[in-house]
Amino acid sequence: MSSVRIGAGAGFQGDRIAPAVDLAERGALDFLVFECLAERTVALAQQARLADPAAGYDPLLDRRMRAVLPACARNGTRIITNMGAANPRAAAERTCAIARELGLSLRVAAVTGDDVLDRIQDYVLDETGARASALGELLVSANAYIGVPGIVEALDAGADVVICGRASDPALFLAPLVHCFGWAMNDWVRLGRGTLVGHLLECSAQVTGGYFADPGVKDVPDLAHIGFPLAEVSEDGNAIITKLPGTGGMVSRATCTEQLLYEIHDPARYLQPDVIADFSGVSLEEVGPDRVAVSGASGIAATGQLKVSVGYRDGWRGEGQISYAGANCVARGRLGLALLRERLADCAAAISEDRADLIGLDSILPERRAGTWEPPEVRLRYAARCADEATAQRVGEEIESLYLCGPAGGGGVTRSLREILAIASTLMPAAEVAVRAEVLEEATAYLR
Amino acid sequence: MKLYEIAHARTGDKGDISNISVIAYRPEDWPLIEREVTAERVAAHVGHVDACEVTRYALPQLQALNFVLRGNLRGGVTRSLALDGHGKCIGSVVLEMEITGQPRGEERR
């Protein structure tokens, strides 16, 4: 192949579906990639799987697959996604069932092996400085960020849809390039360039004008109908980033530069499972309307270590809000916060940390706005990390009680209560992670 | 002059680490941005002088800086009690930084 067309169909679990359907129908794509897993999502999915062994994959899998499978099947576009979350096998079986309902004959593959919960105990977590085993029963999940080999294996085996769990986001895009172009797994320059393509596409609209608009300063045309990106990738790994004609949004040097650096630390050392990508010499050139040529990425040998996200239960969060407006609203908000802390003093032992904000004044950067400026309204917000559910419940109750027992003129209380699922990380030798690809055939007993 | 007048920004997070890109609209403003927007000034501006370690990386060919703020997110979005646990709003705050000096009207290099 001289060129491969890859589109991004989702950049997070709740992403818009219509732009993905548009890409499936009009994109003439070789591959459509759905990236739907945030840091915490696998841990939440693991909890769902513990409650129901058939669950644990992306709750929007059905909607997304039903929306794009017909057009993808018609146009020969293959799908790659991490919607398998904590249960890629179940997600693949479900996708087979959907395809059958739609009258489509598709080969669906599950890539597994990222789940390393059974061998995480002795690893020291960066954030806690202690072994994972110290978490005891609080430990929920441990998933390694796998690279391209399992996905490539599935594509080599002819899979039309490849479903994995935790994988490095750029690997979802790098894998089809390795598959199509036959890049060697020590061709660090090409692997680095393919990683850049994946990095630019993995957040969907964030490279086509999403997360960019600032009215009058950075205007984006027809943001309401923003299109998702696609890349035309050459055999050497350089690419054009673009979007479909007639869609809203824009692809420019500026949108690509923002996304190039998004969630990057040292641009010369972007650590990935298969390569250390080097973006420090990247050039971006506008070569046509909504077309940006990307070149100059490179790479060096991977570290041989995989990042592992470890999910654990970390207490309960009680949170609530109430608004104050008009003259002296800041003082009334501060009085409300002081009352909360005084009233919660009797359960202080069960509160390990709290946070008191006046939204509109200091919720983003605490203390920074403290001064004489008086906003027309503020919204008191109080949140506490609690050892148990009952204390977190009590926090919300005290916030609601500011109606009758608090400062003058409070209104619009909301409150929430949830168990905190925290993520810590560690590194594991890649050799410890056994990735496996399995293609489900139509006749598989699992389908019935 | 505020940095906002000559640059745009985007903020991301990984665990307890924020990164903020600062990108010149015009190549001729790059030398001023490169000189004025130091790691120390960004740390002071967002009020995390002691709480975190700020590292700056420069990409001159893109007229862009990348700031990495370690320990900036109170444990990261999964643990933080903050309303904006990702710290996504911080980039807009960085653009409020006052810049002294005039654009040179020429591109370095």
Residues located in the range B:52-96, provided they are facing chain A (nearest Cβ under 7 Å) and open to solvent by 50 Å² or more (accessible area, probe 1.4 Å): B:Tyr57, B:Gln61, B:Arg79, B:Leu83, B:Cys89
Subset of the range A:188-227 [assigned to a loop (DSSP other than H, G, I, E, B) and either modelled with pLDDT under 95 or on the phi < 0 side of the Ramachandran plot (or both)]: A:Glu202, A:Cys203, A:Thr208, A:Gly210, A:Phe212, A:Ala213, A:Pro215, A:Val217, A:Asp219, A:Val220, A:Pro221, A:Gly227
Being among the hydrophobic types (A, V, I, L, M, F, W, C) and more than 17 Å from the chain's Cα centre (by Cα) is true for just one of A:Ala54, A:Ala86, A:Ala20. Which residue is that? A:Ala54
Could you check the range A:268-288 and list, in sequence order, the residues that are more than 17 Å from A:Pro170 (Cα to Cα), touching a helix residue (DSSP H, G or I) at 6+ places or on another chain (Cβ under 7 Å) and within 11 Å of chain B (Cβ to nearest Cβ)? A:Ser283, A:Leu284
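If only one of A:Leu261, A:Leu230, A:Leu284 is of a type in the set (A, V, I, L, M, F, W, C), modelled with pLDDT of 95 or more, in contact with a Phe, Trp or Tyr (Cβ under 9 Å, 6 or more places away or on another chain) and open to solvent by less than 40 Å² (accessible area, probe 1.4 Å), which one is it?
Going through A:Leu261, A:Leu230, A:Leu284 in turn, just one is of a type in the set (A, V, I, L, M, F, W, C), modelled with pLDDT of 95 or more, in contact with a Phe, Trp or Tyr (Cβ under 9 Å, 6 or more places away or on another chain) and open to solvent by less than 40 Å² (accessible area, probe 1.4 Å): A:Leu261.
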Residues to consider are A:Leu135, A:Leu196, A:Leu200, A:Leu155; find the one that is in contact with a strand residue (DSSP E or B) (Cβ under 9 Å, 6 or more places away or on another chain) and not assigned by TED's automatic domain parsing to the domain that holds A:Ala109. A:Leu135
State yes or no: is A:Val42 modelled with pLDDT under 95 and surrounded by 24 or more Cβ atoms within 10 Å (Cβ to Cβ)? yes
Residue satisfying all of: in the range A:275-293; small (Gly, Ala, Ser) and part of a strand (DSSP E or B); farthest from the chain's Cα centre (by Cα) among these: A:Gly288
Among the numbered conditions (1) within 7 Å of another protein chain (Cβ to nearest Cβ); (2) touching a Leu at 6+ places or on another chain (Cβ under 6 Å), tell me where A:His265 comes up short. (2)
Out of (1) surrounded by 24 or more Cβ atoms within 10 Å (Cβ to Cβ); (2) more than 14 Å from chain B (Cβ to nearest Cβ); (3) not aliphatic (A, V, I, L, M), the one A:Gly210 does not meet is (2)
Counting only residues in the range A:384-414 that are outside any helix (DSSP H, G or I), within 14 Å of chain B (Cβ to nearest Cβ) and in contact with a helix residue (DSSP H, G or I) (Cβ under 8 Å, 6 or more places away or on another chain), the one surrounded by the most Cβ atoms within 10 Å (Cβ to Cβ) is identified as A:Ala384
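Name the residue that is most open to solvent (accessible area, probe 1.4 Å), counting only residues in the range A:126-161 that are among the hydrophobic types (A, V, I, L, M, F, W, C) and within 14 Å of chain B (Cβ to nearest Cβ).
A:Leu138
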Quick check on my filter: what residues within the range A:241-258 are open to solvent by 10 Å² or more (accessible area, probe 1.4 Å) and either part of a helix (DSSP H, G or I) or within 7 Å of chain B (Cβ to nearest Cβ) (or both)? A:Arg253, A:Ala254
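Residue-by-condition table, conditions (1) among the aliphatic types (A, V, I, L, M); (2) within 17 Å of A:Met1 (Cα to Cα):
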| residue | (1), (2) |
| --- | --- |
| A:Gly136 | no, no |
| A:Ile151 | yes, no |
| A:Gly158 | no, yes |
| A:Arg166 | no, no |
| A:Thr195 | no, no |
| A:Cys203 | no, no |
| A:Gly210 | no, no |
| A:Ala213 | yes, no |
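Determine whether A:Arg74 is in contact with a Cys (Cβ under 9 Å, 6 or more places away or on another chain) and open to solvent by 40 Å² or more (accessible area, probe 1.4 Å).
no
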Residue ID - most open to solvent (accessible area, probe 1.4 Å), chosen from residues in the range B:10-37 that are within 8 Å of chain A (Cβ to nearest Cβ) and under 15 Å from B:Arg56 (Cα atoms): B:Ile17
Selected residue (criterion: nearest to A:Val148 (Cα to Cα)) from residues of the range A:177-187 that are outside any loop (DSSP other than H, G, I, E, B) and out of contact with any Leu (no Cβ under 6 Å at 6 or more places or on another chain): A:Val178
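The values are calculated or read from the model by the stated rules, or taken from the named source; none is laboratory data. Remember, it's a predicted structure, so these values are computed and weren't measured experimentally. Neighbour counts run over all protein chains shown; Cβ positions are idealised from the backbone, glycine included. Accessible surface is based on the protein model in full, side chains and every heavy atom, while ligands, DNA and RNA are left aside. Shrake-Rupley method; radii C 1.70, N 1.55, O 1.52, S 1.80 Å.
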